[in-house]
Amino acid sequence: MRLHLREGQLRSTHDSSDDETHKAMHRGTLRMRPHQVNRASHEITRDRGSILAALHPATPIRTLAGASSMTGLEFICAGERLEALPMGALHWPAERLLAVADLHLEKGSSYAVNARKLLPRYDTKQTLALLSTLIEAVQPRTIVCLGDSFHDRAAVDRLPDAERSEIERLTAATRFVWIAGNHDPAPPPAGWGEIAEEINAGPLIFRHEALFGPADGEVSGHYHPVAALTVRGRGLRRRCFLTDGRRLILPAFGAYAGGLNALDPAIAQLFPDDYDALVVGREAVRRLSWRQLRPDPSFR
């Protein structure tokens with residue numbers, strides 16, 4: 001189903017774990033057709049200025065009311081003024097829309113049940129607490145969850161009573177739209193909001209996974225992008241948004257979500273020209289060119 005946001009109705013359409021696990025999953029997303037990309041997966045070109053300088057830019061930023069430590073970075077995508085928020089969410093002020101990607105709720109319990117890995121089962125509680133704080137600060141009219149909101153088909157059944165009640169509280173107070181992802185193709189329970197395969201919101205189109213080829217105004221998740229940096233001799237990995245001014249990929253919002261390097265070919269093939277990483281920090285978001293990022297080390 002395709003949801004036309006401004007019309008508020010659904011229409012039928014016929015349009016067609018950890019970091020290493022996440023990386024392995026996306027090897028299958030590489031397109032085999034010839035496609036020119038202006039960089040190799042491990043190519044390091046000359047930096048445009050120092051990383052330290054870029055981490056403290058003179059870019060106009062705005063502190064959100066009600067969240068004194070949350071400073072958003074304004075940028076333009078497909079002609080629309082958007083804000084990347086330090087919690088890893090996207091704010092579209094003109095539409096009072098908040099978008100989050102890849103919550104992966106109940107990933108901890110999934111690992112405990114299916115993979116027999118003893119992870120603490122508090123990821124859903126933490127993720128929902130962050131989302132609640134964000135909603136209170138931004139006061140959106142619509143919240144779009146860009147797919148993979150639940151880690152698997154049985155995740156809803158494993159929700160503790162407290163977390164289930166919190167989702168019911170949030171969805172009763174604000175309009176939620178859940179986009180289907182590859183982890184959660186089944187819709188959440190009735191009463192938790194609207195369901196769509198993608199959302200057509202005028203200049204922007206929200207979907208779970210980016211389409212191969214030109215896609216003006218596309219906003220997606222799925223890849224869990226992270227920026228790898230070297231600062232004062234230290235290696236850092238930070239969640240990031242990726243944009244070339246035409247399309248946008250959001251970082252994963254979930255507490256236990258892994259990450260895929262922003263220079264990985266599965267991501268780089270979607271940006272045939274220059275693109276930037278909007279790197280998420282503790283209190284602010286900073287914009288860097290892909291040229292200032294580093295690939296993950298190879299241990300061959």
Amide H partners (placed H, <5 Å) of Phe271, local residues excluded: none
- prompt: Are there chymotrypsin sites (Phe, Trp or Tyr not before Pro) in the range 254-300 that DSSP puts in a loop and that have at most 12 other Cβ atoms within 10 Å, and which ones?
  reply: Phe299
query: Hey, fewest Cβ within 10 Å first, where do Asp244, Asp157 land in order?
result: Asp157, Asp244
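No value in this document is a laboratory result; all are computed from the given coordinates. Everything numeric here is computed off the predicted structure, so don't read it as measured data. We place every Cβ from the backbone using ideal geometry, glycine too, and count neighbours over all the protein chains shown.
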